[in-house]
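As structure tokens, the structure follows; a few thoughts come after it.
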Amino acid sequence: MLCLGTAQFIPGYGQCSNNSALSKNDFFQIISNSKSNKISGIDFGLAYDDSFYEITSDKKFEIGSEINNFIKFSESDLLNENKRIRFEDKLEILLKNKSICLMLHSINDLNSDIVSDFISIYQKRCGIGISIYTVDDLIFALNKGVKLEYVQLPINTLNQSFFASGALEHLKRINVNVVARSLFLQGLLFFSAEEIQKHKYYKEIKGALDGQRENAELIGVPLHVLGLGWVRYLKDSGLVDSLAIGVQSFEQYRQICDYLDESHISGEIFERVVETVSCEARFVDPRFW
């Protein structure tokens, strides 16, 4: 169910970060028993410091093929010959006994001949996917003709665009796996009224955040249950395949697992959130923050 992100190896990642970072010990503690810890995938990124190479070179990295290893890369990772050789050497090692999906980090990479050639080399040996931000990004990616097995996209109560547009249903019809990320909008969903006032930009979505809190109070559930439960409803409905999360410690990970166990909402509550809580795309796209 869960895809563990590794961006948190970089201190300060996320809007509500306490400036700490995920340690390798905590990372391996989480994945050491993947089934009981609900882990079905790991979200790596070559842009996330040097963590991808450090983790996959560690002797503790003995995950079986049932775990999907999503590796995000971009054209810039292939332009430098030494960086490309290092990446290709690591891929050859991992492909011997690991399930690999190469994820394009941006739709801009779809316009790169270098990336296209690289994908053509590996597409028969591993899955191909892309990380996107908007429905327009998705339309562009699907129209490029690349056979995608996975799409990673933001889904949360403030950003309902992929559900409202019917994009999730379309992806299911064409057999593309959906990995939902930004479940808490990098922590923004939990900003207090005082924190919102400190940021001129965030004031624009204060009404939407207040609306979500009011919903949680009326329904009688904690805010985290409503936020996570809304996305889990999409998962349980078959429109989402896995949930990508980022944590800064093993304890935080266990807390999210507890939240997941609590986060079952009814169709009536789901529809209420659809009707009362949403936000303009430009306010929930981190590229504009």
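The values are calculated or read from the model by the stated rules, or taken from the named source; none is laboratory data. Being a predicted model, the structure only gives us computed values, none of them experimental. Counting neighbours? That spans all protein chains shown, and the Cβs are built from the backbone with ideal geometry, glycine included.
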Select from region 109-140 the residues that are under 23 Å from the mean Cα position of the chain (by Cα) and acidic (Asp, Glu) and list them in ascending order. 109, 136, 137
So residue 20 ticks every box in (1) out of contact with any helix residue (DSSP H, G or I) (no Cβ under 6 Å at 6 or more places or on another chain); (2) outside any helix (DSSP H, G or I); (3) at pLDDT 80 or above but one. Which box is left unticked? (3)
Just to be sure, is residue 209 at pLDDT below 85 and at negative phi? yes
Out of region 39-69, which residues are hydroxyl-bearing (Ser, Thr, Tyr) and either part of a strand (DSSP E or B) or farther than 18 Å from residue 125 by Cα (or both)? 40, 48, 51, 53, 56, 57
Conditions (1) in contact (Cβ under 8 Å) with a residue 40 or more places away in the chain; (2) over 26 Å from residue 81 (Cα atoms): number failed by residue 127: (2)
Filtering region 236-251 down to residues that are surrounded by fewer than 19 Cβ atoms within 10 Å (Cβ to Cβ) and among the charged types (D, E, K, R), which residue is modelled with the lowest pLDDT? 251
Residue 169 - would you say it is among the charged types (D, E, K, R), over 19 Å from residue 285 (Cα atoms) and at pLDDT 90 or above? yes
Is it the case, given these coordinates, that residue 143 is surrounded by fewer than 21 Cβ atoms within 10 Å (Cβ to Cβ) and under 15 Å from the mean Cα position of the chain (by Cα)? no
In region 207-224, the residues that are loosely packed, with under 14 Cβ neighbours inside 10 Å and more than 15 Å from residue 271 (Cβ to Cβ): 207, 210, 214, 217, 220
Kindly indicate whether residue 31 is aliphatic (A, V, I, L, M), at pLDDT below 85 and closer than 14 Å to residue 250 by Cβ. yes
Among the residues of region 84-108, write down those that are closer than 16 Å to residue 125 by Cα and surrounded by fewer than 13 Cβ atoms within 10 Å (Cβ to Cβ). 89, 92, 93, 96, 97
Cβ-Cβ under 8 Å, sequence separation 6+ or interchain: first residue in region 41-68 and within 17 Å of residue 105 (Cα to Cα) and aromatic (Phe, Trp, Tyr), partner at pLDDT 80 or above and in a loop (DSSP other than H, G, I, E, B). Which pairs? 52/46
In region 216-233, anything touching a residue at least 60 places away in the same chain (Cβ under 8 Å) and in contact with a Leu (Cβ under 8 Å, 6 or more places away or on another chain) is listed as 227, 231
